[in-house]
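What follows is a single structure, written as structure tokens, with notes after it.
The values are calculated or read from the model by the stated rules, or taken from the named source; none is laboratory data. Since the structure is predicted, the reported quantities are computational estimates derived from the model, not experimental observations. Every residue, glycine among them, receives a Cβ derived from its backbone with ideal geometry; neighbour counts consider all protein chains shown.
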Amino acid sequence: MDLGPYLLFASLEGLVHAAVLSLIALGLSLVFGVMRIVNVAHGEFFMLGAILTWWVSNFVMGNPALGFLIALLIVPLVVGIIAMFSDLLILRHLKYDPEVTIIATIGILYIIQQFALMTFGPDARPVEQPFNIRLDLYWFGFSAYKFFVIFSAIILLFCVWLVMAKTKFGLILRATQLDSEIAQAFGIPISTVYSLVFGVGAAIAAVGAVLIVPIQQAHYLMGGEPLLLAFIVVIIGGLGSLKGTVVAAMLIGISDGIISVFFSPNLAKILATLLVVVVLLIRPNGLFRTIRI
Amino acid sequence: MKKIIKANISRRKLMKGIASVGSIVAMPGFVSYSQAASSSPIKIGFQVHRTGIGAAYGRWYDRTTQAAVKIINDSGGINGRPLEIIAEDDGTDPKRGAEALEKFANQHDCDVAFGTLFSHVVIGSAPRAGELKLPYFVVSEGHHVASGMLNRYTLQPGITDVKSQVQAMAPFVKDNLGKKVTMVYPDFAFGHDHRDYFSAAFESQGGQIIAKVPIPPTESSFSKYFPKIPRDTEVLYHVMVGPAVLTFVKELGEFYGSKGPKLFGFIDSVEAVDLSTPGLEFLDGSYFWEGNPRYAQANQTDHDKFYRNAVGVDSNGASVSDPKDVSTYAHMFGCWETLHIIKKGMEESGYSGIKDRAKLIEAVESMTSMPLSKAHPQGAKIFNGKTHQTFGHQYITKMTNGKLVLAHTTSIEDTFYPDEVDYTKQSF
């Protein structure tokens, strides 16, 4: 393949990757920013989203687009509620102690993963694409659905920004993020906010899963790699920074696409991890983080 | 748990316990194990990929094994003793594979171990089988048995190996599809067998391998590898394994549409995949190697009919209870045939218990011709006792209107290559 189309293909692949990654990382970053806890189970909420999408799409007969739309509405809600329950039942009782919550979320990770193995089984299961259109770009073909994934992620990111910047709920979140004690003194119900944020964080990852599963299949072990990449993105972008997360996701996603295509996927992972080390050394708070923890 | 129990039992209590067990054994009417041994079951330790990247194969290897055991037990078992399967999940992981063998030998007193498919698990487990002196019948296709890498306790009598398969494919690819081939294969032992032995066989035929594209078997998206396939590729030789094979072929179709090179694939790339899945239409007209044709063919034998029916597979290669649950038909016959070979070996050696394990191996080593029969529904085979490897017919099918139709059957002789080892010279 010639260099031009080669680069175009690599960038498109990278964009799809970046779109989904930015959603997953955004959820992780939101939870850390507001609650100051590291959610190791985040990847499993993503996996849960994919598996529930498979259930829904199997349950809804007829046009795959219908099943997909219903999944897009229901699945993030269900995953969000499950996450809220795990906050209410477990994390709240640990008083959000940073070290203890890491251990607790590792526990949640295994519970969700094994539950998925016991119910969903060990196989990868496909979900039909809502529309099956192949765009012929002369040098290579590209699925129209992948463009839809990129487009949907952009819209969703814009919505999150809108909520954070322009609504009262966003104001409450930002206040809690800046100083939870002062926020509480102003009458903000911190524990409710925490539960909601934990739910919303998981739900955003679940949206990413609904979008990706028609491309990648649902599998009970699929939560591992996105978690690792989301951590990389969040560390590079700065924990709790929306802008940083999106920029870092683009950087990691697109460079992963290009390096994978031109060289090898392993090299892409190596370089991403190296970038984390460099960022931690030079800008320990991330590229975009201005608020001190 | 163990620690707590240990701590609570004093030595005196333990002695009392042992004494009471002794007295029960001495009581009249208590039938000890040794007296009942003649009718006690023969235990087959079944190393099964229930989880991990081999799960789809594991599910069907299990069903085939259960079906074969039922057939054997219904017809009187082995030397009058029934077969009992002790299944252990190895997670398609070499380390857990070795642990499973340990359990078979030391906890369950299994007579033999059997059933492993994935080559890295076989390579990780076989040395332990040798140490445990546990006959280990693998159903893996890897060339590692016949290459001499393993040991006298490891045998592969029920399924042919990659080296013989690809060697028999090379002339067909060159004569019917093209001379410039790019290979896409999984980046571990099994894939390396394809890389090494197909390229050698193809180049000796006058063909040319213009690029080799290895892909990690745990990969979940594949598009990024496809630009590495040179544009002047005439034939794309693909073989992929793992849970994401459907994604692999779908993305291949997205990338090339109908404009790509000709395709020659090992069925592994679509094993357990429903070929009517949207997005796979581009495969029409492409060729596949199959160990055993998934779709019942026009010349279907009575033996295949019998076997298909016993395992519960319909004429499209899917489960009779769920047409979407597609079998790993090209591979799983190996479990059926291997169990029948174990039966024959035990009967011929007069196997009576663990002490006769060496006799069993010698009996299997002395086997040669295995004619097409209910015990060998895939086809006739010739077993090489020196290399512990069986040789048999290979099938090439062409995807025609969504079904795989037989296009060519190789002879057994097409798959022969010179011996690389003589395991019979190794001591037990």
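Quick check: anything in the stretch B:387-400 within 30 Å of residue B:288 (Cα to Cα) and surrounded by fewer than 19 Cβ atoms within 10 Å (Cβ to Cβ)? Yes, because at least one residue in the stretch B:387-400 is within 30 Å of residue B:288 (Cα to Cα) and surrounded by fewer than 19 Cβ atoms within 10 Å (Cβ to Cβ). With the requirement that a residue be under 21 Å from residue B:218 (Cα atoms), out of contact with any His (no Cβ under 7 Å at 6 or more places or on another chain) and part of a loop (DSSP other than H, G, I, E, B), what does the stretch B:85-140 give you? Hits for the stretch B:85-140 are B:91, B:93, B:116, B:140. The set of residues from the stretch A:89-145 being among the basic types (Lys, Arg) and within 14 Å of chain B (Cβ to nearest Cβ) comprises A:125, A:134.
Looking across the stretch B:268-283 at every residue that is out of contact with any strand residue (DSSP E or B) (no Cβ under 9 Å at 6 or more places or on another chain) and facing chain A (nearest Cβ under 9 Å), the one that is surrounded by the most Cβ atoms within 10 Å (Cβ to Cβ) is identified as B:277.
In the list A:21, A:15, A:7, which residue meets the criterion of being over 20 Å from the mean Cα position of the chain (by Cα) and within 14 Å of another protein chain (Cβ to nearest Cβ)? So that I can check it myself, show each step before the final result.
On the way: A:21 fails: over 20 Å from the mean Cα position of the chain (by Cα); A:15 fails: over 20 Å from the mean Cα position of the chain (by Cα).
Exactly one residue qualifies, and that residue is A:7.
Would you say residue B:288 is in the same structural domain as residue B:249 (by TED's automatic domain parsing) and touching a strand residue (DSSP E or B) at 6+ places or on another chain (Cβ under 7 Å)? For residue B:288, the condition - in the same structural domain as residue B:249 (by TED's automatic domain parsing) and touching a strand residue (DSSP E or B) at 6+ places or on another chain (Cβ under 7 Å) - is met. Could you list, in sequence order, all residues of the stretch A:91-116 that are more than 13 Å from residue A:35 (Cα to Cα) and crowded, with 16+ Cβ neighbours inside 10 Å? Scanning the stretch A:91-116 gives A:104, A:105, A:108, A:109, A:112, A:113, A:116.
Here is a yes/no grid of residues against (1) assigned to a helix (DSSP H, G or I); (2) out of contact with any Ser or Thr (no Cβ under 6 Å at 6 or more places or on another chain); (3) small (Gly, Ala, Ser); (4) on the phi < 0 side of the Ramachandran plot:
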site	(1), (2), (3), (4)
A:130	no, yes, no, yes
A:149	yes, yes, no, yes
A:152	yes, yes, yes, yes
A:159	yes, yes, no, yes
A:174	yes, yes, no, yes
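Given the criteria touching a residue at least 40 places away in the same chain (Cβ under 8 Å) and in the same structural domain as residue B:144 (by TED's automatic domain parsing), does residue B:387 qualify? So residue B:387 passes the test. Being within 14 Å of chain B (Cβ to nearest Cβ), under 25 Å from residue A:84 (Cα atoms) and surrounded by 19 or more Cβ atoms within 10 Å (Cβ to Cβ) is a property that residue A:213 has.
Of the residues that make up the stretch A:50-69, is at least one touching a Leu at 6+ places or on another chain (Cβ under 8 Å), away from every other protein chain (no Cβ under 13 Å) and either under 30 Å from residue A:182 (Cα atoms) or in a helix (DSSP H, G or I) (or both)? Walk me through how you get there before you give the answer.
If we filter the stretch A:50-69 for residues that are touching a Leu at 6+ places or on another chain (Cβ under 8 Å), which is where we start, we get A:60.
Next cut, away from every other protein chain (no Cβ under 13 Å) only: A:60.
If we keep only those that are either under 30 Å from residue A:182 (Cα atoms) or in a helix (DSSP H, G or I) (or both) as well, we get none.
No: the stretch A:50-69 contains no residue that is touching a Leu at 6+ places or on another chain (Cβ under 8 Å), away from every other protein chain (no Cβ under 13 Å) and either under 30 Å from residue A:182 (Cα atoms) or in a helix (DSSP H, G or I) (or both).
Residues checked against (1) within 24 Å of residue B:337 (Cβ to Cβ); (2) outside the structural domain of residue B:261 (by TED's automatic domain parsing); (3) free of Cβ contacts under 8 Å to residues at least 40 places away in the same chain; (4) not aromatic (Phe, Trp, Tyr):
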site	(1), (2), (3), (4)
B:125	yes, yes, no, yes
B:147	yes, yes, no, yes
B:194	yes, no, no, yes
B:211	no, no, yes, yes
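Inspect all residues belonging to the stretch B:44-54 and state whether any of them is within 14 Å of another protein chain (Cβ to nearest Cβ), surrounded by fewer than 21 Cβ atoms within 10 Å (Cβ to Cβ) and among the hydroxyl-bearing types (Ser, Thr, Tyr). Scanning the stretch B:44-54, I find at least one residue that is within 14 Å of another protein chain (Cβ to nearest Cβ), surrounded by fewer than 21 Cβ atoms within 10 Å (Cβ to Cβ) and among the hydroxyl-bearing types (Ser, Thr, Tyr), so the answer is yes. Being β-branched (Val, Ile, Thr) and within 30 Å of residue A:262 (Cα to Cα) is the requirement here; does residue A:16 meet it? Against the criterion (β-branched (Val, Ile, Thr) and within 30 Å of residue A:262 (Cα to Cα)), residue A:16 qualifies. Determine whether residue B:372 is surrounded by fewer than 23 Cβ atoms within 10 Å (Cβ to Cβ), hydrophobic (A, V, I, L, M, F, W, C) and assigned by TED's automatic domain parsing to the domain that holds residue B:140. So residue B:372 fits the description; yes. Going residue by residue through the stretch A:193-213, is there one that turns out to be touching a Ser or Thr at 6+ places or on another chain (Cβ under 6 Å) and among the hydroxyl-bearing types (Ser, Thr, Tyr)? Scanning the stretch A:193-213 turns up no residue that is touching a Ser or Thr at 6+ places or on another chain (Cβ under 6 Å) and among the hydroxyl-bearing types (Ser, Thr, Tyr).
For the stretch A:185-228, enumerate the residues that are hydroxyl-bearing (Ser, Thr, Tyr) and without any contact (Cβ under 8 Å) to a residue 40 or more places away in the chain.
Pass one, the stretch A:185-228, residues hydroxyl-bearing (Ser, Thr, Tyr): A:191-192, A:194-195, A:220.
Scanning the stretch A:185-228 gives a single hit, A:192.
Within the stretch A:229-241, does at least one residue satisfy the condition of being surrounded by 17 or more Cβ atoms within 10 Å (Cβ to Cβ), within 14 Å of another protein chain (Cβ to nearest Cβ) and either touching a residue at least 12 places away in the same chain (Cβ under 8 Å) or in contact with a strand residue (DSSP E or B) (Cβ under 6 Å, 6 or more places away or on another chain) (or both)? The answer is yes, given that some residue of the stretch A:229-241 is surrounded by 17 or more Cβ atoms within 10 Å (Cβ to Cβ), within 14 Å of another protein chain (Cβ to nearest Cβ) and either touching a residue at least 12 places away in the same chain (Cβ under 8 Å) or in contact with a strand residue (DSSP E or B) (Cβ under 6 Å, 6 or more places away or on another chain) (or both). Among the residues making up the stretch B:42-84, those that are assigned to a strand (DSSP E or B) and β-branched (Val, Ile, Thr) are B:42, B:44, B:48, B:78.
Sub-6 Å Cβ pairs linking a first residue in the stretch A:15-27 that is in contact (Cβ under 8 Å) with a residue 12 or more places away in the chain to a second residue that is of a type in the set (Phe, Trp, Tyr), at least 6 apart or interchain, are A:24/A:46, ordered by first then second residue.
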